[in-house]
Every structure is written in C-alpha cells, then in structure tokens.
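Everything below concerns the one structure shown next.
The values are calculated or read from the model by the stated rules, or taken from the named source; none is laboratory data. Please read these numbers as outputs of a predicted model, since none were measured by experiment. Don't worry about glycine lacking a Cβ; one is built from the backbone with ideal geometry, like all the others, and counts go over all protein chains shown.
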Amino acid sequence: MLDNLPMLAAINLHKTYRKHAIEVPVLTGVDLEVFAGEFLSIVGSSGSGKSTLLHLLGTLDRPDEGRILFNTERIDNLPSEQRDRLRNETFGFIFQFYHLLPELTTLENVLMPKMIGLSVRRWFRERRALKQQATELLDRVGLGHRLHHKPRELSGGEMQRAAIARALINRPRVLLADEPTGNLDADKGIEIIRLLRDLNRQDRLTIVMVTHNMEIVGNTDRVVRLTKGRVEDANNSNSLLQSSLTG
Amino acid sequence: MYKLLLCWRYLLTRYLALVCIVSVMLGVATLIVVNSVMAGFSTKLRERLHGLLSDIVIEAHDFQGFANPQGKIALIQSDPFLSQRIEAMTPTLEIFGMIQFNCNGTAIARPVHIIGIDPVGRARVGGFAEHLLLHKGQPTFELSPEALQHQRSLHPPHRLDRIADILAPQPIDGKPAPEPPPRTEAPPSTIILGYAIAHFRAKLQPDGAPEEVRTLGPGDDVILTTISGHGLKPVEWRCAVCDYFKSEMSEYDANYVFVPIEELQRLRAMPDRATSIQIRIKDYRDLHAVKEGLQKLLPAHWELSVHTWEDKQGPLLAAISIEKGILNVLLFMIIAVAGFGILAIFSMIVVEKTRDIGILKALGASNRGVLNIFLSYGLLLGAVGALLGSAIGTTITLYINEIEQFLTKWTGHELFDRSVYYFNEIPTDLSVSSVLIINVGAIAIAVLFSVLPALRAALLHPVRALRYE
C-alpha cells in the first residue's frame, strides 16, 4: 500500500512574499506528489514559483497555508531542530550557483553535511571512514583528482559535481535540484543530467528538479508545469493521497 | 566540527579580522605593561614605606615629645601579650630644621626633617641599614678613615696646635711650667644625609645622558639648625657627612637627615625625651592586635597615639590603588573600542558570508550552530589577540628598562626621570593572576561584541540568505 503512496506530497500550498505593503503571491494552491524513485521535473517561466516550491518541499521555508507530507507525515510544521535534521539527513540540495563554501576544499565541502550532523567526538572517531566515503563519491562524480582543490580552482561543471557529491554524502531519500544546469553550457548541463539520471536509476534516488530548460526534461520520468503559482499538469492528481488521508 | 573548521578558515582567510586581533592585542599588551609597572611602583613603594616606617609607631602629639622613652619601652615589654609579639623597639626624636652647606662656593640652605636615632636600634625595626650607601647593613655614625682624613684636612689640627702653643703656660722663674692636660681630639658630630640632598642629576655633556653629581662627599661639613626643646631657641651645630640614606623614595631621600639621638637630645636640651617609639612585630598578621594592645596599655593622659605604618601612609596607598583602578578602567575602554571594531568587522563579515550561512542552513545547520560559528570566531579572535598581546606585554614588561634606555639614547630625552623616584630602574611586578584577568576580560569583550552580528547571522532566513547577492 505504501508503494502507492507518494514519498513527498504538497497539498494546497500557498506562499506570499511581502515587502512593505506590497504582497506578491507566489504559490496559490499547489498540489504535488512525488513518488519514491521518481525523477520529477518542475518547469515554468521565471517567477512562476518553482524555486519557492522546492524550498517549501525541502523545509527551507514554511508555507503560509497548506501542508507538506513526507511518507505521509506532515513536516512543514515541525520544530526547527527536526526540520534541520530533515535537511541534513533526508533531503539533499543542489543549486544553480553550486553554493560551495569558498574557504573549504572540495573534499571538505562534500564532508560538510556529515560535520553538521555529527558531534565532534563522533566525527573524530569516524573521520577516516567518512573521508573514504567522500573520496569514493567524488570519484563517482568524476572529481577524484580534485579532492584538495578550492571551489575557485574548479570549473562550473566540476563545482556542480562537487555539489552533487555533497548532497549525496548523507544518502538522502530525496534530492532537490534547483536549476542544476542553469549556470552551465549545454554539454556540461547534459553531463550533469546524465549523472542525476544514473543516480536515480542505480540508487533509486528520488529527484525533484526545477528547471526552465525544456531540452533536459526529456531525461526525467515526469514533468510538472507551474503557471501563476499553480500546477498546470492535469495528470498530477493527488486524489490517492487525499483518499488515504481522509480514509 | 564544522563550526571549528569554519572558524579556523575564516581566521586564516579574512584579513579584515586581523584588525580585530591587532586591536585586542594592543589593548591587552598596554594593560599588562601599565598594570605591571603600576603594581611594581605600588609594591616598591609599600616595601620602602614599610621599611622606613616600621610596623607600628607610638607618637607624641608635639615636638616636645615625651619623657622617659626607655621606661615606656619597659612598660610595653612587661605586658605578656605585647612582649610575645614585639620583635624590637627603638625611640626616635624628630624635628624640622635647616641644613646649610657650601657647594662650589655657593651657600645652600634647605629645610630638612632631622631624625635622631640609635642606628642599631633603628636598623632592628625597619629597613634602615639596607638603605645606607657606605655602611650598608652596618649602621653607624662613625666616619670612615677617608672621611675622617677629609674632615681633618678641612679643620687642620695644626692651627689649634699653634694657638695652643701660644697659649701654653711658659716657664716661670726657671721652673718648668706644669704639663698641660692631655690634648684629646673630640670626634666631630656626624650626620647621615638623604641621598638627594647630597646628589643631583644633570646633563654634563649637551648630548650625553643625565649623570649624578655629588655635592657633599663623606667628611664634608654641613650646618644643622633647629630649635631647642625649651623656649624654642635656635640651635645650630656643625656635622660631618658620614653616610647617605638612599631609600629610592624622593620624599625621604630629599628631606631626611639622621643624627645620633643622644646628640640631638643634648643639643635641643631634651635629655631622655623622644617624639616616637618605632616598633617591629614578629608576625605581620598581629599588626592590628598589637596596635589595640598598645592603645589599651598606654594611659590616656600620656597623650600618645598609636599608628600602624598603613595608617600613616593610608592616603598615599589609597591614591595609588585608586590610580591603578582608574587606569585599568580607562585601558579596558581601549579594549572596548577594539570590541566596537569587532562588532563593525563582524557585521561586515556576516553580510559577506550571508550566502554561506544560507548554504549551511540548507545543509542542516541549526540557528544555534550558525550563532556558535560567529561566537567562536569572536572567541578565537579575542583569544589570539589576547595571547599575542600577553606575549608582547610580558616581553615589554620584562625588558622595560632596556627599552627605556634604548629610547632615551635614541630620542635624547630621559623617559624615566630617576630624580623623581630615585629608582635605579622602572619597577615592575608581573602577576600571573592580573595577566589572566586581563586575558579573560579581553576575550569576554571580544565574545560580547560578536553576539550581535552572530545573532544576526543565526536569524538569517535560509532562503533569503541563499538568494542574497
């Protein structure tokens, strides 16, 4: 029964940004379901609320209205410590501008989620194994030779690969990718999408990717379009989830 | 772990933070040097005062003094409580007066404080003997052979001999004159001069460092003038300089002269009288108990007052303590200024690191974690600054005299005027506890001033931080 339920679901999400007296409604009742092992693309024009939706799904922000469920458990109203832990252990983030920490090497950047999640004592106890794990991950994304380079010494594609390795170090259940190819040329963009596709297929990693590049969405399982703060795709019904919750 | 790593990396990569370190370092170094020098002065001053004043003084209210000091000493010794606690006692007779002497043909006169003492007794109650320049540790009013020779050269006996020969009885009627009484040479009165009365500092060469010039050598004559004990008639007598008293306290070295108590009693027509009894006690912890014991023992009609040395120098010691306190407050304000620097620079760093803060939060860092990064950063900056400041401050304190000599040579201006205190060197008292307190204070200020930017960082909204450009 659980296999039929979405791993991640958004129900009637509303989000409005306010600046002084001006209100900008970004999401106006988004319903979305993401199933385990799925590679979902969210597309839409600039300002359609794609990134906002991704941030809400990843508990980086709270909706004004509506709910977000992870494995049928509501997560949008959790205390901040639990939301921090979710972002550390359950969700992995990759961003358009890579967002690597410039003071750290590639290896240290990849290890950062581990350092955040573990106590100093446990870190020192497990650091050799963790470094080995990070090195293997960087090998897998093709950066085995760039372990001790600082982000400024890497190309855009390499930085995004490092960011993917960082997102994967804690073996997340869902990878949330915000325009991962937005800052890369076409070839590098395709390489990144192939990498994500491989991760999705080989590791059954659930991926939610926000993009406005229609060329790359063909590699994903499903495409959802956001228009004016709502999901346009009629096929994306959450009736199953709603029936299970009300039932 | 990430907090420590980021703290460390921020310290190594943000050169702006070096400004914070330098300001904390300078504040700490200054505080340590000033504190050590102030403490050094204070300790030395206390030592000198204590050494000079003895532990307890029983004083008369006027210059007439009191009669029978030995009887009073005997009375005190008869008290079992006091006799067990008192180590030594000696009477002194003190009076103001004037000293006159000749320096290179110029007659000089200056007011002095004349103290009649028994040198051995005085040495037992305080640090008198150690401050003597020529007879250090062996207090005496005797002239050294060289000084005696010099004194005789000033007053050649042959003149007297000639007069004596003229006045000698002549043979009468062929009978030899009766033998004159044997001629005894009365030893001259002697005096121990305050060092600054007999010396001054002057630049002998236009470009040279100031040097000490002696105006009165051992065996030189001085004339002392004071008043007698009865009728306030002026009394004057000639003395030969036998030693110098160098306590390194300008007030004493420039004003005090010591003469034998018996001589002062005789000249002032005050036999068996004294103005004070100096007392040294065995255990300093009994100071106040002995004082109270003496107050109870001495009858009120004797009109004698009992003071500890701290009572006598209370205002001076309090002034030093207040000065030290005020200086500390002022200098801590320097570190507070450094704190505002930390506040400004940290605020800039937080703005600069806004996106990194968003990344950390996206990766699961808590608000408290981000707060701790910046608080630890403040702590680290404070600690590094304090550590470097301690090293510099301690080094300056330990080599302050060498530094002062170098600067004096370099600038041609004497930074530490030895004629003010007559300290041979700048006294310092480097205390581990005060260095620790300064360090803790500086680090606390650094952390305190990083709280605001750290809170700002911690409360940054992750999405807004990620979108920050």
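Here are a few things to note about the model shown:
- Checked across the stretch A:65-72, the condition of being within 14 Å of chain B (Cβ to nearest Cβ) and under 25 Å from residue A:28 (Cβ atoms) holds for no residue.
- Test: residue in the stretch B:313-322 that is surrounded by 13 or more Cβ atoms within 10 Å (Cβ to Cβ), under 30 Å from residue B:79 (Cβ atoms) and away from chain A (no Cβ under 14 Å): yes
- Once the stretch A:102-152 is narrowed to residues that are among the β-branched types (Val, Ile, Thr) and more than 17 Å from residue A:172 (Cα to Cα), the residue that is farthest from the other protein chains (Cβ to nearest Cβ) is A:135.
- The stretch B:40-49, residues that are buried (at least 19 other Cβ atoms within 10 Å of the Cβ) and under 21 Å from residue B:325 (Cβ atoms): B:40, B:41, B:45, B:49
- Residue among B:57, B:34, B:19 that is modelled with pLDDT of 85 or more, out of contact with any Asp or Glu (no Cβ under 7 Å at 6 or more places or on another chain) and more than 26 Å from residue B:288 (Cβ to Cβ): B:34
- Pair list, Cβ < 6 Å and 6+ apart or interchain, from the stretch B:291-306 residues that are over 18 Å from residue B:274 (Cα atoms) to residues that are surrounded by 12 or more Cβ atoms within 10 Å (Cβ to Cβ) and among the polar types (S, T, N, Q): B:291/B:308
- Given (1) of a type in the set (S, T, N, Q); (2) within 30 Å of residue B:218 (Cβ to Cβ); (3) in a helix (DSSP H, G or I), index of the condition residue B:102 fails: (3)
- Residue count for the stretch A:82-101, restricted to those that are facing another protein chain (nearest Cβ under 8 Å), surrounded by fewer than 20 Cβ atoms within 10 Å (Cβ to Cβ) and modelled with pLDDT under 90: 0.
- Some residue of the stretch A:125-132 being part of a loop (DSSP other than H, G, I, E, B), in contact with a helix residue (DSSP H, G or I) (Cβ under 8 Å, 6 or more places away or on another chain) and among the hydrophobic types (A, V, I, L, M, F, W, C): no
- Test: residue in the stretch B:449-464 that is among the charged types (D, E, K, R) and within 14 Å of chain A (Cβ to nearest Cβ): yes
- Matching residues in the stretch A:55-98 - criterion: being part of a strand (DSSP E or B) and touching a residue at least 24 places away in the same chain (Cβ under 8 Å): A:65, A:66, A:67, A:68, A:69, A:70, A:91, A:92, A:93, A:94
- Residues that are among the aliphatic types (A, V, I, L, M), under 24 Å from the mean Cα position of the chain (by Cα) and within 19 Å of residue B:60 (Cβ to Cβ) within the stretch B:278-299 comprise just one, B:279.
To keep it simple, each residue is scored yes or no on (1) touching a residue at least 12 places away in the same chain (Cβ under 8 Å); (2) within 14 Å of another protein chain (Cβ to nearest Cβ); (3) crowded, with 17+ Cβ neighbours inside 10 Å; (4) among the polar types (S, T, N, Q).
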site	(1), (2), (3), (4)
B:385	yes, no, yes, no
B:392	yes, no, yes, no
B:411	no, no, no, yes
B:439	yes, no, yes, yes
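- When the stretch A:2-53 is filtered for residues that are acidic (Asp, Glu) and in contact with an Asp or Glu (Cβ under 6 Å, 6 or more places away or on another chain), only A:38 remains.
- Evaluation of residue B:252 against (1) touching a strand residue (DSSP E or B) at 6+ places or on another chain (Cβ under 8 Å); (2) modelled with pLDDT of 85 or more; (3) assigned to a helix (DSSP H, G or I) (one fails), failing number: (2)
- Selected residue (only one of B:49, B:5, B:93 is away from chain A (no Cβ under 14 Å) and in a helix (DSSP H, G or I)): B:49
- Subset of the stretch A:148-166 (residues that are assigned to a loop (DSSP other than H, G, I, E, B) and over 15 Å from residue A:101 (Cβ atoms)): A:155
- Among the candidates A:215, A:191, the residue that is acidic (Asp, Glu) and in a helix (DSSP H, G or I) is uniquely A:191.
- So residue A:56, is it within 11 Å of chain B (Cβ to nearest Cβ), under 20 Å from residue B:366 (Cβ atoms), of a type in the set (A, V, I, L, M, F, W, C) and in contact with a Lys or Arg (Cβ under 7 Å, 6 or more places away or on another chain): yes
- Restricting attention to the stretch B:424-437 and to residues that are in a helix (DSSP H, G or I) and β-branched (Val, Ile, Thr), the residue that is surrounded by the most Cβ atoms within 10 Å (Cβ to Cβ) turns out to be B:435.
- Filter result for residue B:329 (surrounded by fewer than 16 Cβ atoms within 10 Å (Cβ to Cβ), out of contact with any Ser or Thr (no Cβ under 8 Å at 6 or more places or on another chain) and of a type outside the set (S, T, N, Q)): yes
- The residue of the stretch B:352-377 that is farthest from the other protein chains (Cβ to nearest Cβ), among those that are of a type in the set (D, E, K, R) and part of a helix (DSSP H, G or I), is B:352.
- Per the conditions (1) buried (at least 17 other Cβ atoms within 10 Å of the Cβ); (2) part of a loop (DSSP other than H, G, I, E, B); (3) touching an Asp or Glu at 6+ places or on another chain (Cβ under 9 Å), the sole criterion not satisfied by residue A:180 is (3).
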